[in-house]
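Right, one structure below, let's go through it.
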Amino acid sequence: MSDAKKAKDQEFVSWRSILWPIHDFELKKFLPMAVMMMCILFNYSVLRGMKDSLVVTSMGAETIPTLKLWFVLPSAVLFMIIYSKLSNAFSKDQVFYAIVSFFIAFFALFAAVLYPCHQYLHADFSDVSSKFLRGLLKPIGCWTFSSFYVMAELWGSAMVSLMFWRFANDVTSLKESKRFYSMFGFVANGALIVSGTFLKEVKGSGGSGADQWNALPWLIATFVISCLIILSLYYWLNNSVLKDPRYYNPDEIKKPKKKEKLSLGESLKYIAQSRYLGFIALLIICYGVSINLVEVMWKDQARLLYPTKDAFNSFMGGLQIWTGIATVLFMLIGTNILRRCTWFTAAMMTPITILGTGLIFFAFIIFRKELDPVISSFGGLTVLGVVTAVGLIQNVLSKGVKYSLFDPTKEQSYIPLDDELKSKGKAAVDVIGGRAGKSGGALIQYVLLNIIFAGSALVELAPIIAGIFVLILALWFFAVSGLNKKFLHITSDSK
């Protein structure tokens, strides 16, 4: 009897079913994919800390909505167009290699040329009288930092949401996904602990007042090395491991008759007519908007406590460490929720967690004056410190439940779809949907700060933003319910 046949006939028992539901013979396939995801998340974590350190300390947290709305979203649309063209012209492997190589080239150029010369490349628009124009021109003037922010955001969308999960969905059966997907996160999210420690320990020698950030070249060098590992593992999996029918059997993976490739316009029209994809897009958009509404305000408070690049980067490193620890713990719970509970129950965990923690954070912001005497009575604590800590806890828990439950349930919903919806549909939903979610939150804050309540501080708008936050979560609950009905329908039909 083959290893694969034995695996089908054998159920896990005792602790193995909870902590490690992977058969020994599957490790040759599972571990390289998990390490690939670990390297991708390591890079994303490092880039996320760096982009916030560059932008928040140089331009202020209020610049983030402008960047997400006017720079990140158009770049995501452009990326989707290029990706669609590449997918029509080249194989999936060639597209993967090309996209990773492009990121390597950009960040190497930034470390070697753009950042060392940024003082000569940037323009100062601080003398512009109009606050509206000044807010729009500031990221244009600091265009090298803005481009770094955009590319760091695209790495998350392109590599985490699109390239890795498309590869995983293509070579993983629905039965395997129930065991593999949460365990991918369990193994891979150890990268957050490593990257967080790295961000905290790697500091520049220029001093707190230095304009140059001497730690940046070392951070970029680790990014490049990690990318080379990703490319090597991808090559080995495709050219060695997946050639073995024990690890990849096309008959076990839903592969409807291949359809003629559509143009970009036809693809978008095809996607728009799919209510199934519409619900997935709504999940991603609601996540992006809700988390962005909290994060920008939280980073604005954190900047007041940690004003320099090294200090802020170290703070973000602490965030990654705690996020990694929380995510690993959540993975242990999440993998069992996915296996023992319904898809609906698992999918609802993320919005419930974000709603509860978000409301607590906004309560501390809104009632900060009333809480000041109480907080000050506890050993010299400050409202600013407590608000920043509460925001940190909210962010850690939200990310933990996202990686352990939101991503696996979202990716499970793609598996029963045909090739066209899996590839171009996933590209449009994940890349544009993800960016539209974050840009949607940015648009809300941009309009409030620059049009409706021009001149107001971000913290003053907390009650209004909290109300919008609750409405977004209500829409999220509706999307989970709608997608659950269609998911049950399509999976029952495929049996």
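FYI, it's all coordinate maths here, none of it is from the lab. Everything numeric in this text was worked out from a predicted model, so none of it was measured. Here the Cβ positions follow ideal geometry from the backbone for every residue, glycine too, while neighbour counts run over all protein chains shown.
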Item to complete: Calculate one ³J(HN,Hα) per residue across the stretch 362-374 by plugging θ = phi - 60° into the Karplus curve 6.51 cos²θ - 1.76 cosθ + 1.60, and present them in order as whole Hz with x for glycine and proline.
Response: 5, 4, 5, 6, 5, 9, 4, 5, 5, 7, 3, x, 5
Practice prompt. Could you work out the relative contact order of the stretch 103-147, using alpha carbon pairs under 8 angstrom and six or more residues apart, expressed as a whole percent?
Written response: 37 percent
Practice prompt. Apply the Karplus parameterisation 6.51 cos²θ - 1.76 cosθ + 1.60, with θ equal to phi minus 60°, to every residue of the stretch 233-248 and state each ³J(HN,Hα) to the nearest whole Hz, in sequence, with x for glycine and proline.
Written response: 5, 4, 5, 5, 4, 6, 9, 9, 5, 6, 6, 7, x, 5, 9, 8
Response to the item:
Residues ILE365, ILE225 in order from fewest to most other beta-carbon atoms within 10 Å are ILE225, ILE365
Response to the item:
Any residue on another chain or 5+ positions along whose placed amide H is under 5 Å from the amide H of ILE22 is listed here as none
Worksheet entry | Taking the stretch 70-212 and dividing mean pair separation by its residue count, relative contact order in percent (alpha carbons under 8 Å, at least six apart) | 22 percent
Worksheet item: In Å, what is the Rg of the alpha-carbon atoms in the stretch 35-170, and how long is Dmax?
Response: 16.4, 54
Item to complete: Please give the calculated 222 nm ellipticity per residue for the chain, where each DSSP H segment of at least 4 residues contributes -39500 (n - 2.57) and the sum is spread over every residue; nearest 500 deg cm²/dmol?
Response: -23500 deg cm²/dmol
Fill in: Average silhouette area of the chain, convex hull of alpha-carbon atoms, in square nanometres
24.3 nm²
Worksheet item: Which Rg and Dmax, in Å, describe the Cα atoms of the stretch 327-476?
Response: 18.7, 61
Fill in: Rounded, prolate or oblate (a/c below 1.5 giving rounded, otherwise prolate when a/b exceeds b/c) for the stretch 292-413 by Cα gyration tensor
prolate
Worksheet item: Which whole-Hz couplings ³J(HN,Hα) result when phi for each residue of the stretch 327-332 is put into the Karplus expression 6.51 cos²θ - 1.76 cosθ + 1.60, θ = phi - 60°, listed in order with x for Gly and Pro?
Response: 5, 4, 5, 5, 4, 4
Discussion item. For a test of the definition: using alpha carbon positions, the gyration tensor, and the 1.5 limit on a/c, classify the stretch 435-495 as rounded, prolate or oblate.
Written reply: prolate
Fill in: Relative contact order (percent, whole number), the chain, Cα cutoff 8 Å, 6+ residue spacing
28 percent
Practice prompt. Could you let me know the centre-to-centre spacing of the stretch 142-205 and the stretch 271-324, using Cα atoms, in angstrom?
Written response: 14 Å
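For a quick check: sort ASP52, ASP24 by the number of other beta carbons within 10 angstrom, fewest at the front. Can you show the working numbers first?
Details: ASP52 24, ASP24 8.
Going from sparsest to densest Cβ surroundings: ASP24, ASP52.
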Discussion item. Are there any trypsin sites (Lys or Arg not before Pro) in the stretch 162-193 that are in a DSSP loop and have at most 11 other Cβ atoms within 10 Å? List them by number.
Written reply: none
Worksheet item: Where does each of LYS51, LYS309, LYS92 land when they are ranked from fewest to most other beta-carbon atoms within 10 angstrom?
Response: LYS92, LYS51, LYS309
